[in-house]
1. For the stretch A:128-135, just list the computed ³J(HN,Hα) in residue order, Karplus coefficients 6.51, -1.76 and 1.60, θ = phi - 60°, integers in Hz, with x standing in for Gly and Pro.
2. Distances in nm, one decimal, shortest first, from residue A:95 to the same residue in every other copy, taking the label point 7 angstrom along Cα→Cβ.
3. Heads up, I need the accessible area for residue A:142: 1.4 angstrom probe, whole protein in place, Å², nearest 10.
4. At R0 = 25 Å, how high is the FRET efficiency between residue A:173 and residue A:98 if r is their beta carbon distance? Nearest 0.05 is fine.
5. With θ taken as phi - 60° and the coefficients 6.51, -1.76 and 1.60, list the Karplus ³J(HN,Hα) couplings across the stretch A:46-60 in order, rounded to whole Hz; mark glycine and proline as x.
6. What order do A:97, A:21 take when sorted by accessible area (1.4 Å probe), most exposed first?
7. Using unit Cβ charges (K, R positive; D, E negative) and no other charged atoms, how large, in debye to the nearest 20, is the dipole of the stretch B:45-201 about its Cα centre?
8. Rounded to the nearest percent, how much of the accessible area of the protein assembly as shown (1.4 Å probe, protein heavy atoms only) is carbon and sulfur?
Number of protein chains: 2
Amino acid sequence: MNELVCGTSRIVGCRFSVFPMTDRFVEVIMGALKSVQTDKVWIHTDDVSTCVRGRAEHVFDVTRAIFAHAAASGVHTVFNGTYSIGCPGDTDADVYMSEDSRVLNSELGPHADIESACQFALYPLGTEQYMDIIYGEVQRAKEKGTFGGSVHYASRLDGTLSRVFESLEDAFSHAIQTDSSHLVMTAVVSAHSPSPKHRSV
Amino acid sequence: MNELVCGTSRIVGCRFSVFPMTDRFVEVIMGALKSVQTDKVWIHTDDVSTCVRGRAEHVFDVTRAIFAHAAASGVHTVFNGTYSIGCPGDTDADVYMSEDSRVLNSELGPHADIESACQFALYPLGTEQYMDIIYGEVQRAKEKGTFGGSVHYASRLDGTLSRVFESLEDAFSHAIQTDSSHLVMTAVVSAHSPSPKHRSV
């Protein structure tokens, strides 16, 4: 069981990348990573992506803030992340689980209002009831008003950056209370796209 | 069961985006989409991503070719895709399943040799044996020589663009022969990254 490196206990992780579509992408990415307070999460960046691990509230807080700071550049910027909890496999120390729950990056100012479009998918693993869990979280997004329709292999969320990430956190947090011990959620969030919403290009 | 739109029968789909980190991103993305022969797949692009559906060989052929044409621009370009088969939910016509298996974009020329780094993850749904399926495909990548190590929540592949996509197709194709009727695979493939491989930035 040591072939893969995943999480133990109820630590939440997110492996993500931020893609600013500009010649200045290094400056935007590095600026965003440095603008965010990451004291309460384990964080590691390699040449493909960044991984943060810790309590759910801090993982969502940090990923939302990094995307917000990158999108604040005004260029078309996309966040791609895989959130995960309960992956069997490794024995990493879970020291960050003892942090308190006060988030460090809640004040995003005007960045919180950046219009965003998201496509997300939930994958509850190890259970035959996975479709029921998915339908339940789609219903929750509908009630919240962020649901923007279903497309093949994903559900859409539309709204401000803060509302879209709130819906993602809601879906993940509620789905892990079901009988799925190992839950994965993928999310692609786009800001400042030059393409018209819901339209083919 | 009509809340979500997924695939029926054994049609394979991939929802993906290509991110060229340049001010000319629209030109690179549109150029790549137009350079590829897509007659044997259903394809639809919205403001967040593109979805292709059809036989597995054509879905991998088209996604590999679109990334290759975008990466041929020479700028740092990332492919992010979710491959899926067996998602219960919709009743779309599967007319593209009757196409023959001859792929249309196998000749990528020098683009096939672009050095690429990939992080991928397999999610076999509806089965308690999902970790065994994952370990088996990691082992296959090791034997092929493309395996580049495990990171939290993903496995790494390194090699030329053609070998990386061949490993992805191998993993997906073999994993669907197991007892998982619904299989999802995420893959992030990066080319021309200015960051040193395997190193923190």
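1. 7, 8, 5, 5, 5, 5, 4, 4
2. 6.0
3. 80 Å²
4. Working: r = 19 Å, r/R0 = 0.78.
Between residue A:173 and residue A:98 the formula returns 0.80.
5. 10, 6, 10, 7, 10, 10, 10, 9, x, 6, 3, 5, 7, 5, 5
6. Values: A:97 60, A:21 5 Å².
These residues rank, largest area first, as A:97, A:21.
7. Details: 11 positive and 21 negative charges, 139 e Å.
Its charge dipole is roughly 660 debye.
8. On the way: 7290 of 15000 Å².
Reported share for carbon and sulfur atoms: 49 percent.
The values are calculated or read from the model by the stated rules, or taken from the named source; none is laboratory data. Source: prediction; values computed, not measured. With ideal geometry, Cβ positions are generated from the backbone for all residues, glycine too; neighbour counts draw on all protein chains shown. For the accessible areas, the whole protein counts, side chains as well, though only heavy atoms, and no ligand, DNA or RNA atoms are used. Shrake-Rupley method; radii C 1.70, N 1.55, O 1.52, S 1.80 Å.
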